[in-house]
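These notes are about the structure you will find just below.
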Amino acid sequence: MDLDKLTVIKPAPTPGNTEWFVHDRFGMFIHWGLYALPARHEWVKNHERMSNEQYEKYFCHFDPDLYDPELWAKVAADAGMKYFVVTTKHHEGFCLWDSDLTDYKVTNTPYGRDLLGPMVEAFRGRGLKVGFYHSLLDWHHPDYTVDECHPMRDNAEYAAKDKERDFARYREYLFGQTRELLTRFGKIDILWYDFSVGPSHRYPGKGKDEWHSEELIKLVRELQPGILINDRLQIDQDIKTPEQYMPREWVKVNGVPVVWEACHTFSGSWGYHRDEESWKSAEQLIIMLIDAVSKGGNLLLNVGPTGRGEFDERALDRLTEIGKWMRRHSRSIYGCTQAPLEFKAPECTKLTYNPEKKRLYIHVLSWQFNKIYLEGELARHVDYVQLLSDASEIRFNRESDELVSLNIPVKKPLGCIIPVLEVFLK
Ligand code: GLC
């Protein structure tokens, strides 16, 4: 079959312009807020059923004196990340910028200055695209009613006051803050709302009717044409967002492949968690990135900075390793997507494909002895093969029309956590 006739999946078009997004593939998520201080999950207020008064001590002690956004941006860029998405406000309600619409913001903490502006500038300065995560939930706002995800859900007295809460006023706040975020920080590339709450036997949920999602989306697109919006307003827009799992195949909606981005933590918690021990290795994380691209998706990998304002050592360690790998292997990530459906991945490998350059990337997950076999349609198109890390030739034998055997070195190449073979196709 002609190379151009092979089946390369294209995701369904969306309202925004996803061209850069599906090219860049790899972004940094940042979850930062007051929860960095308790350092035991960003949902700590919920998990421990804390009242606003009990949670106040974190507001009073928030002072990230070592915060250096230039350094953060450098770490992200060196890891090969091309965009970032930061929590402007998480469910706790605390705002990282100097909002006119609340006092519950960083400028009123001991730190006393805006955190968001300098971050945006630093990352943009390194060429990264800018994304804002914004929580629809708000566990601090006086007009935000109780639902099953609320810290006060078991507090009958607090819940009874819902009658006096005016959710429309909260919604105005949500719209107003969206307007601030999209007018004060220059071009914003992604808006990542989170999330719609299901109903329970005790409380109603909150979804598109409560958020006025349609109107909100309209506002966002008016203020920032071309922006990408995720799917958590209960109306699908540009990006589907599977969370903390690797999809089995290209993510589909009603059977149609869509633009998607898996978001993942290093260790389970999104916010800084001092004592969590379930950290993924650099190798696992690199495989997750490869896996996402091999199914036509992106990876948004999360860092939870500390209360001093630093990336934690364990995150730095992984990001450095990922960066080392990306320096020599990003060609198999950027601009790549799922391989043509006619191609079968050899044992213990994952494939990605650059449709423009017509190159196939074979990621060798476990180095085996001496041979890798390429079969069927793939075998027919092999023209030249090299190890991506050093452009050293990989010689091959054409066993038959349907079988090519690659002669791979006995030793796994040094310094490549996951070695990649670059196949030039004809
Ligand atoms: C969830 C959680 C949250 C996290 C988000 C990231 O919805 O509520 O803590 O920010 O996922 O995808």
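The values are calculated or read from the model by the stated rules, or taken from the named source; none is laboratory data. No experiment lies behind these values; they were computed from the predicted model shown. Every residue, glycine among them, receives a Cβ derived from its backbone with ideal geometry; neighbour counts consider all protein chains shown. All accessible areas refer to the heavy atoms of the entire protein, side chains included, with ligands and DNA or RNA removed. Shrake-Rupley method; radii C 1.70, N 1.55, O 1.52, S 1.80 Å.
A compact table of results
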{"item": "Probe 1.4 Å - accessible area at residue 23, Å² to nearest ten", "result": "90"}
{"item": "Label point distance in nm, residue 54-residue 100, each placed 7 Å from Cα along Cα→Cβ", "result": "3.6"}
{"item": "Rounded Å value of the spacing that divides the Cα centres of region 243-299 and region 51-73", "result": "27"}
{"item": "Size of charge dipole - region 3-332 - debye, nearest 20, with Cβ of Lys, Arg +1 and Asp, Glu -1, no other charges", "result": "1080"}
{"item": "On Cα atoms only, tilt of 116-125 relative to the major axis of the chain in degrees", "result": "20"}
{"item": "With every protein chain in place, the chain: carbon and sulfur % of accessible area (1.4 Å)", "result": "49"}
{"item": "Estimated FRET transfer efficiency (residue 2, residue 368; beta-carbon r; R0 25 Å; 0.05)", "result": "0.20"}
{"item": "Kirkwood Rh (inverse of mean 1/r, distinct Cα pairs), the chain, angstrom", "result": "23.0"}
{"item": "Helix-derived mean residue ellipticity, 222 nm - over the chain, DSSP H n ≥ 4, -39500 (n - 2.57), to 500", "result": "-7500 deg cm²/dmol"}
{"item": "Range in the chain, longest, excluding exposed GluC sites (Glu not before Pro) [loop by DSSP; at most 16 other beta-carbon atoms within 10 Å]", "result": "149-248"}
{"item": "Stretch gain in nm, segment residue 356-residue 71, where the contour uses 0.36 nm per residue and the Cα spacing is subtracted", "result": "99.2 nm"}
{"item": "Coil-residue trypsin sites (Lys or Arg not before Pro) of region 371-415, DSSP, other Cβ within 10 Å capped at 13", "result": "395, 411"}
{"item": "Net lengthening on full extension, residue 316/residue 281 (0.36 nm per residue, minus Cα-Cα)", "result": "11.4 nm"}
{"item": "Rounded tilt (10° steps) of 69-78 against the dominant C-alpha axis of the chain", "result": "20"}
{"item": "Dipole magnitude of region 349-425 about its Cα centre (Cβ charges: Lys, Arg +1; Asp, Glu -1), debye to nearest 20", "result": "260"}
{"item": "Sparse-neighbourhood loop sites, chymotrypsin sites (Phe, Trp or Tyr not before Pro) in region 200-290 - DSSP loop, at most 10 other Cβ within 10 angstrom", "result": "245"}
{"item": "Surface per residue (accessible, 1.4 Å probe) for the chain, Å²", "result": "42"}
{"item": "Angle between the chain longest axis and helix 282-294 axis [Cα atoms, degrees, rounded to 10]", "result": "80"}
{"item": "Virtual paramagnetic centre 7 Å along Cα→Cβ of residue 202, amide N under 14 Å, in region 125-166", "result": "146-162"}
{"item": "Violating pairs (Cα-Cα greater than 31 angstrom) within the set 240/357; 295/371; 163/187; 129/411", "result": "163/187; 129/411"}
{"item": "Overall form of region 349-425 per C-alpha gyration tensor (a/c, 1.5; a/b vs b/c)", "result": "oblate"}
{"item": "Percent of beta bridges antiparallel (DSSP, the chain, rounded to nearest 5)", "result": "50"}
{"item": "Summed side-chain charge close to residue 159 - residues other than residue 159 whose Cβ falls under 9 Å, Lys, Arg +1, Asp, Glu -1", "result": "0"}
{"item": "Charge tally in the Cβ shell below 10 Å around residue 92, where Lys, Arg are +1 and Asp, Glu are -1, residue 92 excluded", "result": "0"}
